[in-house]
Amino acid sequence: MTTLSLLGALMMLQAVNPYTPTPVVKAGGPAVCDGDRFGCAVDLLRDGQRLDGVDAMHAAAAVGDVRAQRALGLMFLRGEYVAADQREAVRWFKRAASRGDRQSMDVLAKLYERGIGTAPDPAKAALWRSRAER
């Protein structure tokens, strides 16, 4: 998947839960996001501010935003905006799935099934698939 299509996917996530535009303040340092951190991260990435966008995505994920957690899983899985790291992708998908994100549960099932970023584990794949279908 291209960077542009990942950005499109992130913007679609943002559209599901629109936000009031977040001011981004840069005073000689990193961008500061107020309000919806996920939306701010998407805006920064869209504007080509990769480092600030990734930092903002991490900040949103750290406070429990499952959209940001899932987005980081995708970013690490695909190696877009960050270095590819399949184990780190699994970690972020687990965080989002543990907060009830069905899309992350479905991705985890596939990762466990195929042994991507983790050892193949049919039992865990079946568990995450059943949770995603509830």
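The values are calculated or read from the model by the stated rules, or taken from the named source; none is laboratory data. The model shown is predicted, which means the values in this text are computed figures rather than measured ones. Cβ atoms come from the backbone with ideal geometry, glycine included; neighbour counts cover every protein chain shown.
If you check Arg87, Arg46 for being surrounded by fewer than 16 Cβ atoms within 10 Å (Cβ to Cβ) and either closer than 22 Å to Thr118 by Cβ or at pLDDT 95 or above (or both), only one passes: Arg87. Every listed requirement among (1) touching a residue at least 12 places away in the same chain (Cβ under 8 Å); (2) out of contact with any strand residue (DSSP E or B) (no Cβ under 9 Å at 6 or more places or on another chain) is met by Gly48 save one, (1).
Conditions tested, residue by residue: (1) within 21 Å of Gly39 (Cβ to Cβ); (2) part of a helix (DSSP H, G or I); (3) touching a residue at least 40 places away in the same chain (Cβ under 8 Å).
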position	(1), (2), (3)
Met57	yes, yes, no
Ala71	yes, yes, yes
Ile116	no, no, no
Arg131	no, yes, no
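From the list Ala84, Ala89, the lone residue that is in contact with a Leu (Cβ under 6 Å, 6 or more places away or on another chain) and hydrophobic (A, V, I, L, M, F, W, C) is Ala89. Looking only at region 96-111, decide whether some residue is more than 29 Å from Cys33 (Cβ to Cβ), assigned to a helix (DSSP H, G or I) and not small (Gly, Ala, Ser). Yes, some residue in region 96-111 is more than 29 Å from Cys33 (Cβ to Cβ), assigned to a helix (DSSP H, G or I) and not small (Gly, Ala, Ser).
For (1) surrounded by 15 or more Cβ atoms within 10 Å (Cβ to Cβ); (2) at pLDDT 95 or above; (3) basic (Lys, Arg), each residue gets a yes or a no:
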residue: Gln69; (1), (2), (3): yes, yes, no
residue: Leu74; (1), (2), (3): yes, yes, no
residue: Ala83; (1), (2), (3): no, yes, no
residue: Arg91; (1), (2), (3): yes, yes, yes
residue: Glu113; (1), (2), (3): yes, yes, no
residue: Ile116; (1), (2), (3): yes, yes, no
residue: Arg129; (1), (2), (3): yes, yes, yes
